[in-house]
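I'd like to ask some things about the structure below.
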There are 2 protein chains.
Amino acid sequence: MTPNLHPRLAADTHFVAKWPLCEVRLQDNRLFPWLVLVPQCANVCEIIDLGESDQAALMREIARASRALKTLLNPDKLNVAALGNVVPQLHVHVIARFKTDAAWDKPVWGQGTQAYTPDALEEFISRLRAAFTA
Amino acid sequence: MTPNLHPRLAADTHFVAKWPLCEVRLQDNRLFPWLVLVPQCANVCEIIDLGESDQAALMREIARASRALKTLLNPDKLNVAALGNVVPQLHVHVIARFKTDAAWDKPVWGQGTQAYTPDALEEFISRLRAAFTA
């Protein structure tokens, strides 16, 4: 069953792709190249609320998102996190970090937001989709 | 090959258990019940530096650590994260969060540290080991 997207996730992110387990979305913050994976399972808040095969699928999709960001952007580090203190619906952040970025070496949460322009958003989403299928 | 533990991880955490992939360690911060899983593979900084079967094992061990914290402490939320901006050696944080804790609803990094007393440390590690084998 496909769950409704939490309103905060819907407001802060844009649709990029639908994978076997997750919807892949882009955080609307051009300070940090930042994907959000949202498992399409209802009423799931924790990774351990997923069944074992969905947990394995989640890891494969984290790796797929990570490889795409690495290929496209060659970041200094990837940050992968399932926090959910504010938005309980299970979602996993996969973020490309650079030693030159606006928050290095801190975590990105609470470190500022700059929305993409419509053109930049469209272009980055196109590049992501191409990287996902490469 | 078993890697050396990064000096910062060695200084900030205590040994709890050795699992098939990871060494399980406890962050020495009683503000937050906080496990750190360190895959016993040399020269690994990113989850995607692990082979596919080790990635799957990492997810199983994240789930095992999560279940133990949930069983022991019944937290309001689990936080799971591989960041590594400061300590590049791959390590995964698994943290029990409470709406009453010192950082809620923010991430825990940079939100203060209080070391365990020796007695409290020993007692919590014993409870963790018992939960791991339950």
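Determine the pairs where a residue that is within 19 Å of A:N79 (Cα to Cα), located within the range B:95-114, has a partner that is at pLDDT below 95 and not in a strand (DSSP E or B) with Cβ atoms under 9 Å apart, the partner being 6 or more residues away or on another chain.
That search, which allows pairs on different chains as well, returns B:K106/A:G110; B:P107/A:G110.
Follow-up. Being modelled with pLDDT of 95 or more and either within 18 Å of B:N85 (Cα to Cα) or under 10 Å from the mean Cα position of the chain (by Cα) (or both) is the requirement here; does A:L50 meet it?
Criteria not met by A:L50.
What do you reckon, is A:N43 under 21 Å from B:R67 (Cβ atoms) and open to solvent by 60 Å² or more (accessible area, probe 1.4 Å)?
yes
Can you tell me which residue within the range B:103-134, out of those that are open to solvent by 80 Å² or more (accessible area, probe 1.4 Å) and either part of a loop (DSSP other than H, G, I, E, B) or of a type in the set (K, R) (or both), is farthest from A:W104 (Cα to Cα)? Walk me through how you get there before you give the answer.
Kept after step one, since they are open to solvent by 80 Å² or more (accessible area, probe 1.4 Å), are these residues of the range B:103-134: B:106, B:110, B:113, B:118-119, B:122-123, B:127, B:129, B:133-134.
Adding the requirement that they be either part of a loop (DSSP other than H, G, I, E, B) or of a type in the set (K, R) (or both) leaves B:106, B:110, B:113, B:127, B:129, B:134.
Numbers: B:K106: 17, B:G110: 13, B:T113: 21, B:R127: 36, B:R129: 35, B:A134: 40 Å.
Out of the qualifying residues, it is B:A134.
Moving on. What about B:A96, is it open to solvent by 20 Å² or more (accessible area, probe 1.4 Å) and more than 10 Å from chain A (Cβ to nearest Cβ)?
Spelling it out, it is not the case that B:A96 is open to solvent by 20 Å² or more (accessible area, probe 1.4 Å) and more than 10 Å from chain A (Cβ to nearest Cβ).
Considering only the range A:61-73, state which residues are surrounded by fewer than 18 Cβ atoms within 10 Å (Cβ to Cβ) and not polar (S, T, N, Q).
Residues satisfying the conditions are A:R67, A:K70, A:L72, A:L73.
Consider B:P20 carefully, then state whether it is away from every other protein chain (no Cβ under 13 Å), under 24 Å from A:E61 (Cβ atoms) and open to solvent by 50 Å² or more (accessible area, probe 1.4 Å).
yes
While we're here: Provide a single number: the residues in the range B:1-17 that are in contact (Cβ under 8 Å) with a residue 12 or more places away in the chain and either open to solvent by 40 Å² or more (accessible area, probe 1.4 Å) or within 20 Å of B:N85 (Cβ to Cβ) (or both). Spell out how you get there, then give the answer.
As a first pass, look at the range B:1-17 and keep what is in contact (Cβ under 8 Å) with a residue 12 or more places away in the chain: B:1-3, B:5-6, B:8-9, B:12-14, B:16-17.
Still in the list and also either open to solvent by 40 Å² or more (accessible area, probe 1.4 Å) or within 20 Å of B:N85 (Cβ to Cβ) (or both): B:1-3, B:5-6, B:8-9, B:12-14.
Looking only at that region, the number is 10.
Right, B:I95: at pLDDT 95 or above and within 30 Å of A:T71 (Cβ to Cβ) or not?
Judged against the criteria, B:I95 is not a match.
Residues to consider are A:L31, A:L26, A:L37, A:L50; find the one that is within 24 Å of B:E61 (Cα to Cα), more than 12 Å from every other protein chain (Cβ to nearest Cβ) and in contact (Cβ under 8 Å) with a residue 40 or more places away in the chain.
Numbers: A:L31 fails: within 24 Å of B:E61 (Cα to Cα); A:L26 fails: within 24 Å of B:E61 (Cα to Cα); A:L50 fails: more than 12 Å from every other protein chain (Cβ to nearest Cβ).
From the options A:L31, A:L26, A:L37, A:L50, the qualifying one is A:L37.
The values are calculated or read from the model by the stated rules, or taken from the named source; none is laboratory data. Since this is a predicted model, take the numbers as computed values, not measurements. Cβ: placed from backbone, ideal geometry, glycine included. Neighbour counts: every protein chain shown. Surface areas here come from the heavy atoms of the whole protein model, side chains and all, with no ligands, DNA or RNA. Shrake-Rupley method; radii C 1.70, N 1.55, O 1.52, S 1.80 Å.
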